[in-house]
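No lab work stands behind these numbers, since they all come straight from the coordinates. Because the structure is a prediction, the values reported are computed rather than measured. No Cβ is skipped: glycine too gets one built from the backbone with ideal geometry, and neighbour counts run over all protein chains shown.
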Amino acid sequence: MPINKILIVDDSPTDCKLLSDILEGSGYAVVIAGTAEEALSKVKEIKPDLVLMDVVLPGQSGFQATRILSKDPETKHISIIIVSSKGQETDRVWGMRQGAKDYLVKPIKKADLLAKISALG
């Protein structure tokens, strides 16, 4: 399934701007959520093709939101890439076990991000 609409879940305005500039410059439609709770409601509302999920968020973590989305029959088909500053191997493994399709460590390189998205599309 081609990826056109991407939901960025991150509480950092700087990271959101960086990611949205890369994605919009590459032709993707972008929507932003600042918390996991906001992301869970926006996913059902806008039905994105991909979610870029930060881990460290106010309230619920990105790991928790990833688990919820990947277990819900209504949203489990949506690919999730975790984009986090948590770069330990245990974080990556845990993220994948929650249902993420891939894991990127900040700071993000444009080529790496676009390659991961292309591989899913």
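Length gained on full extension, Ile3 to Glu74, computed as 0.36 nm times the residue gap minus the Cα-Cα distance: 23.8 nm.
Taking mean projected area of the Cα convex hull in nm² as calculated from this structure, the corresponding entry among [x] 7.6; [y] 8.3; [z] 6.4 is [z].
Could you compute the net charge surrounding Glu74? Neighbours are other residues with a C-beta less than 13 Å from the C-beta of Glu74; K and R count +1, D and E count -1.
Working: positive: Lys44, Lys47, Lys71, Lys76; negative: Glu45, Asp72.
Cβ neighbours under 13 Å give a net charge of +2.
For the pair the stretch 88-121 and the stretch 1-56, the centres of their Cα atoms are 14 angstrom apart.
Using a 10 Å cut-off around each Cβ, can you sort Val93, Val9 from fewest to most neighbouring Cβ atoms? Mind dumping the intermediate values first?
Numbers: Val93 11, Val9 28.
With the fewest neighbours first, Val93, Val9 line up as Val93, Val9.
Each of Ile82, Ile117, Ile22, Ile8 was scored by other Cβ atoms within 10 Å of its Cβ. Arranged with the fewest first, they read Ile22, Ile117, Ile8, Ile82.
When you restrict to C-alpha pairs under 8 Å that are six or more residues apart and normalise by the size of the stretch 1-107, the relative contact order lands at 24 percent. With 20 Å as the limit, the listed pairs Lys71/Lys106; Lys44/Lys86; Lys42/Lys71 have Lys71/Lys106; Lys44/Lys86 beyond it between alpha carbons.
Sort Tyr103, Tyr28 so that the residue with the fewest other Cβ atoms within 10 Å of its own Cβ comes first and the one with the most comes last. List each step's numbers first, then the result.
Working: Tyr103 22, Tyr28 19.
By the 10 Å Cβ count, ascending, the order reads Tyr28, Tyr103.
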